[in-house]
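Taking it in order: structure first as structure tokens, then the write-up.
Please treat every number below as a calculation from the coordinates, not as lab data. In this text, all values refer to a predicted model and were calculated from it rather than measured experimentally. Note: ideal-geometry Cβ built from the backbone for every residue, glycine included; neighbour counts use all protein chains shown.
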Amino acid sequence: MTTFACPKGHASTTDDFCDTCGAKIGGTAVFSPGVAPAAPPAFPSGEPCPNCGTPRAGAGRFCEDCGFDHSTGKVPVLTQPTTAAAPVTGQWTATIFADREYFEANKIEGVDFPEETGERTVSLPAPQVRIGRKSTSKGTDPEIDLADADPGVSHSHALLTLSVDGVWLVSDLGSTNGTWLNDEPRPLTAGQTRSVGDGDHVHVGAWTTITLHAPA
């Protein structure tokens with residue numbers, strides 16, 4: 001390739017003015033092989049990381065292996081991701097039955113213990129399970145409906161609530177005959193809340209006992 005010497009040292013491909021700086025050219029042509037563009041200066045590489053020994057990649061600030069900061073000489077503190085809680089695979093249940101022992105201890109005048117008794121098991125869906133009597137006129141439709149099972153149960157009798165930490169709570173909703181726990185001598189007061197767990201007995205109405213069961 002034919003080039004022309006520029007007074008400022010450039011190699012110009014034009015013979016009148018330098019195509020790099022514009023200076024007037026008066027010299028003779030110079031024949032020279034094509035010159036490849038100069039490579040950018042290389043950053044020193046290969047310096048081992050002081051923390052883990054991994055070779056440093058060029059002028060990179062952080063070690064690609066351990067994150068060591070070559071500028072500060074420190075390893076960044078990484079926040080570990082929070083491990084998600086394992087999903088609940090089962091569901092709490094409750095058995096409901098006519099409890100003669102509870103009936104005898106808290107007799108309601110004029111109410112007789114039923115001749116035919118049975119036991120049923122229901123699921124306790126989170127977050128709340130209402131205990132009471134279904135009534136269209138009063139607008140009550142509890143998850144545990146005892147309208148046909150116990151005359152001593154109020155329309156809105158008690159409430160089971162699953163707290164955010166996985167503990168069931170029972171509250172009395174101002175029932176007429178009270179909400180009792182296990183063998184405690186006094187019922188819950190209206191609005192009072194207590195925690196309950198696997199195997200605990202919640203007594204309502206004239207003879208109904210609700211026993212909680214944790215997932216198997």
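Amide H of Val196: which non-local residues (sequence gap of 5 or more, or other chain) have their own amide H closer than 5 Å, using H built in the peptide plane?
Trp168, Leu169, Val170
Could you give each residue of the range 131-147 its phi-based ³J(HN,Hα) in whole Hz, using Karplus coefficients 6.51, -1.76, 1.60 with θ = phi - 60°, and x for Gly or Pro?
Karplus-based 3J(HN,Hα) across the range 131-147 equals 10, x, 10, 5, 8, 5, 5, 9, x, 9, 9, x, 5, 9, 9, 10, 4 Hz.
Skipping prolines and chain starts, which residues have an amide H placed within reach, meaning under 5 Å, of the one on Arg56, given they are 5 or more residues away or on another chain?
Hits under the 5 Å cutoff: Gly46, Glu47, Cys49.
Specify whether the C-alpha gyration tensor of the range 158-216 places it in the rounded, prolate or oblate class, a ≥ b ≥ c being the square roots of the eigenvalues: rounded for a/c under 1.5, otherwise prolate if a/b is larger than b/c and oblate if not.
oblate
So between Ala23 and Gln91, what do we pick up on full extension, going 0.36 nm a residue minus the alpha carbon distance?
So the extension gain works out to 15.6 nm.
In nanometres, what is the gap between the two model label sites at Thr161 and Glu116, each 7 Å from Cα along Cα-to-Cβ?
A separation of 3.8 nm, rounded to one decimal place.
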